[in-house]
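Peer 1: Below you'll find the structure I mean.
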Amino acid sequence: MIRTAAIVAGIALAGVANPAAAQRTWRNDGPPAGYPSAMLWPVNDSTDIHQITLSAEYSAALDAYIEFATDHKVMGMPELYHRIERYRPELAGAALNKFIGEMKPGQIETWDGRGYKGSFTLIGTAPVGPFQCRQTQWTMAGTKGKATVPRLDCFNPKTGKWQYVWKHVPVTRKTGVPHR
């Protein structure tokens, strides 16, 4: 009994004596060896997939990809090229997340559109904190050049489904500086 009390007291004192040890988190530990893209490592810790936030660097890459992959109409709403002609209608919405959850590492999905070619590749299956996750690389190439962006999909144990991690630190388009 005395020995147990001493161990508990020692653990409590270790946390007080070394506050950095008490603050250790999976985000601060950084991505595991071989993690495919530093942009896809969260800037926060969360036990809720909806609250995971990716970096301003990711936000800038996503903005550049969306700008490249958008058909800017003179009248009406701009449209992402891959939505104008669905490359595989059966992969609309949540079906795409499920498909990514079933892909094999290195597997590539491709499609052709009006004046462009698109693809995404499963580049990693590394966990992010407590979550089982998959990392993909999206590429769009056409007459105006080529753009790529990584994407993170994680399995949500609360819903039993794969979902896209979409939150990111926004940046201003002109300066690339994170909004505050």
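Peer 1: Looking only at residues in the range 24-38 that are in a helix (DSSP H, G or I) and within 17 Å of His168 (Cα to Cα), which one is modelled with the highest pLDDT? Steps first, please.
Peer 2: Initial filter on the range 24-38 (in a helix (DSSP H, G or I)): 26-29, 38.
If we keep only those that are within 17 Å of His168 (Cα to Cα) as well, we get 27, 38.
Numbers: Arg27: 73, Ala38: 90.
Only one residue fits best here, namely Ala38.
Peer 1: Looking at the range 90-135, which of its residues are over 14 Å from Asn156 (Cα atoms), surrounded by fewer than 16 Cβ atoms within 10 Å (Cβ to Cβ) and of a type in the set (Gly, Ala, Ser)?
Peer 2: Pass one, the range 90-135, residues over 14 Å from Asn156 (Cα atoms): 90-93, 95-96, 99, 102-126, 135.
From the residues that got through so far, the ones that are surrounded by fewer than 16 Cβ atoms within 10 Å (Cβ to Cβ) too are 90, 92-93, 95, 102, 104-108, 110, 112, 114-115, 117, 125.
Result: Ala92, Gly93, Ala95, Gly106, Gly115.
Peer 1: If I ask for residues that are under 21 Å from Ile49 (Cα atoms) and part of a strand (DSSP E or B), which ones from the range 90-130 would you list?
Peer 2: Hits for the range 90-130 are Leu122, Ile123, Gly124, Val128.
Peer 1: I would also like to ask the following. Need the failing condition index for Arg173 against (1) open to solvent by less than 40 Å² (accessible area, probe 1.4 Å); (2) at pLDDT below 85, just the number.
Peer 2: (1)
Peer 1: Is it the case that the range 39-58 has a residue that's more than 30 Å from Tyr116 (Cβ to Cβ), in a loop (DSSP other than H, G, I, E, B), more than 13 Å from the chain's Cα centre (by Cα) and at pLDDT below 85?
Peer 2: Looking for residues that are more than 30 Å from Tyr116 (Cβ to Cβ), in a loop (DSSP other than H, G, I, E, B), more than 13 Å from the chain's Cα centre (by Cα) and at pLDDT below 85, one finds none in the range 39-58, hence no.
Peer 1: Can you pull out the residues in the range 119-141 that are over 13 Å from Val165 (Cβ atoms) and free of Cβ contacts under 8 Å to residues at least 40 places away in the same chain?
Peer 2: Within the range 119-141, Ser119, Phe120, Thr121, Leu122, Thr125, Thr139, Ala141 meet the criteria.
Peer 1: Moving on. Among the residues of the range 152-162 satisfying the criterion of being open to solvent by less than 30 Å² (accessible area, probe 1.4 Å) and in contact (Cβ under 8 Å) with a residue 60 or more places away in the chain, which is nearest to Thr47 (Cα to Cα)?
Peer 2: Filtering the range 152-162 for residues open to solvent by less than 30 Å² (accessible area, probe 1.4 Å) gives 152-154, 156.
Adding the requirement that they be in contact (Cβ under 8 Å) with a residue 60 or more places away in the chain leaves 152, 154, 156.
Working: Leu152: 16, Cys154: 12, Asn156: 10 Å.
The extreme case among them is Asn156.
The values are calculated or read from the model by the stated rules, or taken from the named source; none is laboratory data. Just so we're clear, the structure is a prediction, and the values are computed from it rather than from any experiment. In this analysis, Cβ positions are derived from the backbone assuming ideal geometry, glycine residues included, and neighbour counts consider all displayed protein chains. Side chains included, ligands, DNA and RNA excluded: accessible areas come from the protein's heavy atoms. Shrake-Rupley method; radii C 1.70, N 1.55, O 1.52, S 1.80 Å.
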